[in-house]
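To start, the structure itself, in structure tokens.
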Number of protein chains: 2
Amino acid sequence: MTDSAFAARETIEQVEEGTQLAPKFDAEGLIPCITTASGSGEVLMLGYMNREALLKTIEIGEAHYYSRSRQVLWHKGATSGLVQKVVDMRIDDDQDAVWLQVDIPGDASCHVGYRSCFYRSIPTGKAADKHLSLEFKESEKTFDPKEVYGDAPNPTIL
Amino acid sequence: MTDSAFAARETIEQVEEGTQLAPKFDAEGLIPCITTASGSGEVLMLGYMNREALLKTIEIGEAHYYSRSRQVLWHKGATSGLVQKVVDMRIDDDQDAVWLQVDIPGDASCHVGYRSCFYRSIPTGKAADKHLSLEFKESEKTFDPKEVYGDAPNPTIL
């Protein structure tokens with residue numbers, strides 16, 4: 001892995017209108033990555049990549065993230081088998097966010113067992129003067145997380 | 001605006017499997033928000049919300065963000081007219097990311113003038129041993145940013 005893969009960020013025109021990959025990592029060295037299903041367009045997850053994960057994803061064409069809870073490079077699907085094959089990889093105007101369109105086996109992604117991590121909706125158009133309630137949008141899990149992950153620690157941080 | 005809208009984060013089961021809105025803001029008080037076009041599913045942008053922006057979006061049903069470059073509440077479209085009407089608003093498993101599906105007039109969103117902020121692709125499957133090149137995926141701007149924004153400062157931070 002080498003930083004020579006990335007150009008230095010020198011001008012706004014270069015970053016916004018140019019063809020050099022010059023990503024901006026945040027104070028923790030991470031860049032957020034939106035991952036959607038290539039067929040349905042459904043948003044599956046928001047992950048984070050460090051330099052190594054970004055380069056591995058580019059080189060191999062399968063989604064790699066940096067696990068903030070486990071603090072390791074995370075080849076998505078290494079445990080669950082739900083590898084994400086990259087169909088298209090995009091970067092945004094100021095090059096501080098990545099969008100992956102992926103194919104996944106079984107159309108499942110979320111560690112809780114749902115298809116998408118975004119399985120609950122926040123109703124809008126109401127005053128937020130008391131605790132707000134969520135509505136479930138997926139009624140059935142597509143897999144049993146205990147079967148897939150066993151006793152692996154849950155990645156959610158309170 | 002009051003924090004009584006949000007529940008305290010007490011257990012993983014409550015956060016992942018429950019119906020209480022208990023969002024996790026990062027060290028800067030922000031939560032990332034993926035915004036997609038409700039029709040095409042195209043990812044338009046990745047924005048950030050502080051507590052106020054999240055609550056305004058819920059109350060009014062139009063996307064509000066926190067502008068990190070201008071450090072103000074940002075009612076998307078207030079300058080450009082490209083208001084984002086919320087069709088569906090989701091939150092993810094550990095409640096640290098939001099997904100908005102929106103309708104926008106003119107199908108345009110990006111301050112550079114393109115439909116989506118993600119108008120360039122990163123080719124995959126090649127070794128990252130030299131500067132990587134991007135490919136443009138949108139060939140024409142949908143509006144002229146100078147006409148829409150005039151002399152307003154560019155939000156991109158190098």
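The values are calculated or read from the model by the stated rules, or taken from the named source; none is laboratory data. All values derive from a computational prediction rather than experimental measurement. Every residue, glycine among them, receives a Cβ derived from its backbone with ideal geometry; neighbour counts consider all protein chains shown. What goes into the accessible areas is simple: the full protein's heavy atoms, side chains included, and nothing from ligands, DNA or RNA. Shrake-Rupley method; radii C 1.70, N 1.55, O 1.52, S 1.80 Å.
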(request) Can you grab the distance from the C-alpha centre of the range A:4-21 to the C-alpha centre of the range A:138-152, Å, no decimals? (result) 41
(request) Report, for B:Ala8, each distance to the same residue's label point in the other copies, shortest first and in nm; define the point 7 Å along Cα→Cβ. (result) 5.0
(message) Which cysteines in the protein assembly as shown lack any other cysteine whose Cβ sits under 4.7 Å from their own Cβ?
(response) A:Cys33, B:Cys33
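Tell me, Kirkwood radius of the range A:77-158 from alpha-carbon pair distances, in Å? Walk me through the numbers before you get to the answer.
Numbers: mean 1/r = 0.0645 Å⁻¹.
Evaluated over the range A:77-158, this radius sits at 15.5 Å.
Normalising by the residue count of chain B, find the relative contact order in percent from Cα pairs under 8 Å and 6+ residues apart.
Worked out over chain B, it gives 19 percent.
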(message) How large is the accessible surface of B:Lys24 in square angstrom, using a 1.4 angstrom probe and rounding to the nearest 10?
(response) 60
(request) Give me the angle, in degrees from 0 to 90, between the Cα long axis of helix A:51-60 and the longest principal axis of the Cα atoms of chain A, rounded to the nearest 10. (result) 90
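Report, in listed order, any pair from A:Lys146/B:Lys126; B:Lys76/B:Lys141; A:Lys24/A:Lys56; A:Lys76/B:Lys126; A:Lys137/B:Lys56; A:Lys85/A:Lys141 with a Cα-Cα distance greater than 27 Å.
Details: A:Lys146/B:Lys126 36 Å; B:Lys76/B:Lys141 19 Å; A:Lys24/A:Lys56 17 Å; A:Lys76/B:Lys126 19 Å; A:Lys137/B:Lys56 23 Å; A:Lys85/A:Lys141 22 Å.
Correct reply: A:Lys146/B:Lys126.
How big is D for the protein assembly as shown, in µm² s⁻¹ as a whole number, if Stokes-Einstein is applied with the Kirkwood radius of its Cα pairs at 20 °C and 1.002 mPa s? List each step's numbers first, then the result.
Working: Rh = 20.0 Å.
Stokes-Einstein gives a translational diffusion coefficient of 107 µm²/s.
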(request) Measure of size requested: the Rg and Dmax of chain B, with Cα atoms as the atom set and Å as the unit; please supply both. (result) 17.4, 51
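What full-extension length gain, to one decimal in nm, is calculated for A:Ala27 and A:Arg70 as 0.36 nm per residue of separation minus the Cα-Cα distance? Before the final figure, lay out each step's value.
Values: separation 43, 0.36 × 43 = 15.48 nm, distance 1.82 nm.
Contour length minus the Cα-Cα distance gives 13.7 nm.
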(request) List, in order, the whole-Hz ³J(HN,Hα) value for each residue of the range B:81-94 obtained from phi through the Karplus relation with A = 6.51, B = -1.76, C = 1.60 and θ = phi - 60°; use x for Gly and Pro. (result) x, 8, 5, 9, 7, 6, 9, 8, 10, 10, 10, 8, 3, 8
(message) If you take each beta carbon of peptide A:125-137 and count the beta carbons of other chains within 10 angstrom, what is the mean?
(response) 6
(request) Would you check the accessible area of A:Thr11, probe 1.4 Å, heavy atoms only, in square angstrom rounded to 10? (result) 70
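With +1 on the Cβ of every Lys and Arg and -1 on the Cβ of every Asp and Glu, and nothing else charged, how large is the dipole of chain A about its Cα centre, in debye rounded to the nearest 20?
Numbers: 16 positive and 25 negative charges, 132 e Å.
Dipole size: approximately 640 debye.
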(message) Positive end of the dipole of the protein assembly as shown, charges at C-beta (+1 Lys, Arg; -1 Asp, Glu), about the Cα centre: which of A:Ala37, B:Leu55, B:Ser69 has its Cα farthest in that direction?
(response) B:Ser69
(request) Rounding to the nearest 20 debye, state how big the charge dipole of the range B:1-60 is about its Cα centre with +1 on each Lys and Arg Cβ and -1 on each Asp and Glu Cβ. (result) 180
(request) Would you tell me which residue of chain A has the beta carbon closest to the rotation axis bringing chain A onto chain B, and how many whole Å away it is? (result) A:Gly41, 1
(message) Taking beta carbons within 10 Å but only from partner chains, what does the mean come to for residues B:14-24?
(response) 5
(request) Report Rg (one decimal) and Dmax (nearest whole number) for the range B:22-113, counting Cα atoms only, units Å. (result) 12.3, 36
